[in-house]
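Participant: The structure is given below, and queries will be raised subsequently.
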Amino acid sequence: MREYEFNFVVQPEITEEGIARICERFEGIVERAGDTRLHYDELGRRRLAYEIRNFQKGHYLALHFLSDGKVVTELERAARIDDSILRFLTVVANQDVVDIEARKQEAVGLEEDRKRKAAERAAREAEEAAARAARDAEGGGRDEDEDSDSEVDPDRDSDRDRDRDRDDEEVEESE
């Protein structure tokens, strides 16, 4: 029995519910084949190394499972059909898993840690939102211009924008 890691990148505009449906579909494929799903790694929304289908960002996920390898072609076929998946890659993480039950228990622990961290992150984000709302209600804090820039696109790459502005100024000066 081998351990596989099925990595895939989902379009950034897909909702959390949509991502959950995609994950459930892949889990169903693995379970129908009689293989064992271990856990998901949700790596979050990140910037792509290069633009894919006019997207500069994507939501990265990895499904870990135990299999003899026959389900890999079906997983990849399902990923090719789904338009919301930008890229995918299947890797053999461990060529020979000897103690399957120990690996399952380890995966359960990793899954619990992931859920705990997600709950902590959600609680922290809720506290930050409440603090931000209280600060905005008091009318203090930051200027209006700063608020509009940061809330419109929180993932904005300010270095890239600064370089683009500098390049535009150089072009204007040369004309």
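The values are calculated or read from the model by the stated rules, or taken from the named source; none is laboratory data. Just so it is clear, the structure is predicted and the values come from calculations on it, not from any experiment. Every residue, glycine among them, receives a Cβ derived from its backbone with ideal geometry; neighbour counts consider all protein chains shown.
Participant: Sort through GLU127, GLU101, GLU111 and tell me the only one that's part of a helix (DSSP H, G or I), more than 20 Å from GLU5 (Cα to Cα) and of a type in the set (Asp, Glu).
Facilitator: GLU127
Participant: For the stretch 12-53, give me each residue that is farther than 18 Å from GLY69 by Cβ, in contact with a Leu (Cβ under 6 Å, 6 or more places away or on another chain) and of a type outside the set (A, V, I, L, M, F, W, C).
Facilitator: Correct list: HIS39, TYR40, GLU42.
Participant: Right, next: Name every residue in the stretch 122-154 that is modelled with pLDDT under 55 and at positive phi, in order of residue number.
Facilitator: Once the filter is applied, which keeps residues that are modelled with pLDDT under 55 and at positive phi, the stretch 122-154 yields only GLY141.
Participant: On the basis of being surrounded by 15 or more Cβ atoms within 10 Å (Cβ to Cβ), farther than 16 Å from LEU89 by Cα and not aliphatic (A, V, I, L, M), does THR15 make the cut?
Facilitator: no
Participant: Can you tell which of ILE29, ILE19, ILE14 is within 15 Å of the chain's Cα centre (by Cα) and part of a helix (DSSP H, G or I)?
Facilitator: Exactly one residue qualifies, and that residue is ILE19.
Participant: Any idea how many residues of the stretch 80-138 are over 23 Å from LEU61 (Cβ atoms) and free of Cβ contacts under 8 Å to residues at least 24 places away in the same chain?
Facilitator: Here the count works out to 17.
Participant: So which residues in the stretch 40-82 are part of a strand (DSSP E or B) and among the polar types (S, T, N, Q)?
Facilitator: Once the filter is applied, which keeps residues that are part of a strand (DSSP E or B) and among the polar types (S, T, N, Q), the stretch 40-82 yields GLN56, SER67.
Participant: Taking LYS70 as meeting all but one of (1) at pLDDT 95 or above; (2) out of contact with any His (no Cβ under 8 Å at 6 or more places or on another chain), write down the number of the exception.
Facilitator: For LYS70, the failing item is (1).
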